[in-house]
Amino acid sequence: MNVSMTASAMAKQYIYNWNMKLNKNNSLFTNGSTPLSGHINPYEDPWMDITNRSSSEWQRMIPVDEDVANQVRNMVKEDFVKRYGMTDGSPEHIDDRANLIKNYTKTLPGEQRLAATWTLGQVVSEEAARLKSIILKHDPSWTYGKPFDTSILDEDPSNHLDIYV
Amino acid sequence: MRKKIASLLTACMLMCSFCVMSVSAAEAAPIQEMEFVQEESSARATNYFSGLTGTMNSYNGVQSRIFQRSSGSVPSNSKMTSVEAHVSVSSGSSPFYLVIKSPDGITRETYVRSSGYYTLDFSGVDAYGTWQVYIYNTGGVSTATANVKYYYQY
């Protein structure tokens with residue numbers, strides 16, 4: 001192995017060799033088949049790979065940081081107040097919510113990352129559903145993007161999932 | 001008669017050149033091109049955004065260039081159902097892995113030996129943000145392009 005290699009290059013080379021060994025019989029692979037169990041994508045966090053995972057394995061709720069969950073809720077509420085339920089599609093802000101979640105899950109042990117990502121996704125759904133139900137009480141024909149009086153969103157007290165660390 | 005044959009040949013050549021030009025134009029189309037299809041149902045609506053990648057090359061396990069696709073502005077609670085990639089593989093390419101990465105970092109990959117449609121399940125994953133597509137192989141040289149559709153519900 002080249003001594004001038006960086007640690008990350010060495011790790012990638014090791015995974016490359018590992019995959020080569022594993023894929024020795026890759027002529028047996030059919031088009032569109034999932035990689036063999038044990039195959040590792042050297043370019044990604046293996047804990048965030050759902051290729052060989054069943055949904056029940058990672059689509060589960062776990063306790064998450066309350067502050068992060070509240071920030072996610074505030075972002076969803078902002079979508080409703082500023083854009084009638086639509087997200088901000090501008091290049092400057094399009095990844096704000098995903099980056100908040102990603103930066104938080106990176107701080108967690110590997111085995112919790114997918115479940116924490118899923119949990120925060122459920123926080124988004126729960127908050128959007130809560131706000132939508134308030135709007136529908138006033139306008140049963142409301143759909144995403146249709147203007148409404150945003151002051152009605154302050155009528156109902158919040159009633160959140162209890163999912164905090 | 002000769003004149004007629006000559007004009008027929010010229011017309012054929014012109015038509016062929018138009019075909020080649022339109023393919024080149026499609027490949028060079030900016031990745032920001034976006035299509036929307038919406039199917040309303042009583043409970044949930046289905047929609048998609050899509051984009052073309054440029055040429056993805058991988059040799060001896062090296063990751064190709066990463067192509068990005070933004071969801072644009074979508075309903076706040078949009079959740080993915082699946083990602084469908086129509087992959088065009090260059091002749092003589094080694095098999096490779098096609099990787100799709102969600103904005104919050106969730107990845108799924110599939111093994112590609114030849115051109116065709118590949119569907120990757122991303123059920124329940126947040127659709128909002130920038131998606132990534134790339135390939136890598138485990139030896140040899142691989143070249144492909146993909147037309148990727150990202151299906152979501154809200």
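The values are calculated or read from the model by the stated rules, or taken from the named source; none is laboratory data. No experiment lies behind these values; they were computed from the predicted model shown. For neighbour counting, all protein chains shown are included, and Cβ atoms are generated from backbone atoms with ideal geometry for every residue, glycine included. Just the protein is used for accessible areas: all its heavy atoms, side chains included, with ligands, DNA and RNA removed. Shrake-Rupley method; radii C 1.70, N 1.55, O 1.52, S 1.80 Å.
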Distance between Cα centroids, the stretch A:63-125 to the stretch B:86-124: provide it in whole Å. 26 Å
Prolate/oblate/rounded call for the stretch A:66-154, Cα gyration tensor, a/c under 1.5 rounded: prolate
From Cα pairs below 8 angstrom and at least 6 apart in sequence, can you work out the relative contact order of the stretch B:33-153, rounded to a whole percent? 41 percent
With all protein chains modelled, accessible area of A:W47 [1.4 Å, Å²]: 110 Å²
Other chains' Cβ within 10 Å of B:136-143 residues: what's the mean? 3
Expected integer from the mean partner chain Cβ neighbour count at 10 Å over A:101-109 is 2
Other-chain or far-sequence residues with amide H under 5 Å of A:V64's (modelled H): A:Y164, A:V165
Pairs of Cα atoms under 8 Å, at least six residues apart: use those to get the relative contact order of the stretch A:66-154, whole percent. 37 percent
B:V148 accessible area, nearest 10 Å², 1.4 Å probe? 0 Å²
When Cβ neighbours within 10 Å are restricted to other protein chains, what is their mean count per residue of peptide A:133-146? 1
Dipole magnitude of the stretch B:33-153 about its Cα centre, charges +1 at Lys/Arg Cβ and -1 at Asp/Glu Cβ only, in debye to the nearest 20? 280 debye
List, in the order given, every pair from A:K82/B:K101; A:K132/B:K79; B:K79/B:K101 whose Cα-Cα distance in the structure shown is over 19 Å. A:K82/B:K101
